[in-house]
Amino acid sequence: MFKKYEGRKVAALVAAVFTVCAVLFLLLLYGMNQRVKVIDVSGCETDNGTIVYQIEEVGNFYNYVSVQGYAYLPGEDINVSCMRVLMYDEAKNIYYALPTETVEREEITENVDDGHNYDYCGFKSAVYKKKAEGKLMLLYECNGRRILIDPDQEVE
């Protein structure tokens, strides 16, 4: 009437299903982290020297481009993430937003020491090299402001 329970077959099936689900999840996560989107920068102010910024690293590692630095507007607290790393394709006149994450930079607040919080002014971005060709740009989006920064750097 009932077949004899075979624990090894069930365990192998559960392990196979788990492995397939884990691989699919990791592929989805990788795809989301490497997503490059077109971004509209019309209506943005351009930086006239008021933003303090520094690109500390633009590195090419294997097939990836890595950008790291910080940017803040003196006298204005930064309580949430507000930086985006962009690539500008001059031939097509299109800006691409690269996946950017916030880096906490408490030492910036300590060094400036003007009573404002700049802890979240740090940023870093790493993306597949073929998706990051063009001119490096930064978009400062904080406290209702959108300011486009041109650090005058190419990514090769």
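We did not get these values from a lab; they are worked out from the coordinates using the rules stated. Here the structure is a predicted model, which is why all the values come from computation and not from measurement. As a convention, Cβ positions derive from the backbone with ideal geometry for all residues, glycine included, and neighbour counts pool all protein chains shown.
Numbers below:
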item	result
Segments 55-64, 74-83, 119-128, 133-142 sorted - mean Cβ within 10 Å per residue, highest first	119-128, 133-142, 74-83, 55-64
Proximal aspartates and glutamates relative to residue 130, as straight alpha-carbon distance under 19 Å, when same-chain residues fewer than 8 apart are discounted	57, 89, 90, 154, 156
Relative contact order of the range 57-120, defined on C-alpha pairs under 8 angstrom at six or more residues apart (%)	29 percent
Loop-located trypsin sites (Lys or Arg not before Pro) in the range 66-117, at most 11 other Cβ atoms within 10 Å (DSSP)	92
Between 0 and 90°, nearest 10: helix 7-33 axis offset from the chain longest Cα axis	20 degrees
The chain: calculated mean residue ellipticity at 222 nm from DSSP helix runs of at least 4, using -39500 (n - 2.57)	-7500 deg cm²/dmol
Summed side-chain charge close to residue 148 - residues other than residue 148 whose Cβ falls under 12 Å, Lys, Arg +1, Asp, Glu -1	-1
Mean separation of Cα contacts under 8 Å (6+ apart) over length of the chain, as relative contact order %	24 percent
Tensor-based shape of the range 30-113 (alpha-carbon gyration tensor, a/c under 1.5 rounded, otherwise prolate or oblate)	oblate
Summed side-chain charge close to residue 119 - residues other than residue 119 whose Cβ falls under 12 Å, Lys, Arg +1, Asp, Glu -1	-4
Charge dipole (debye, nearest 20) of the chain; +1 at Cβ of Lys and Arg, -1 at Cβ of Asp and Glu	1800 debye
Anisotropy class of the chain from Cα gyration tensor, a/c 1.5 cut	prolate
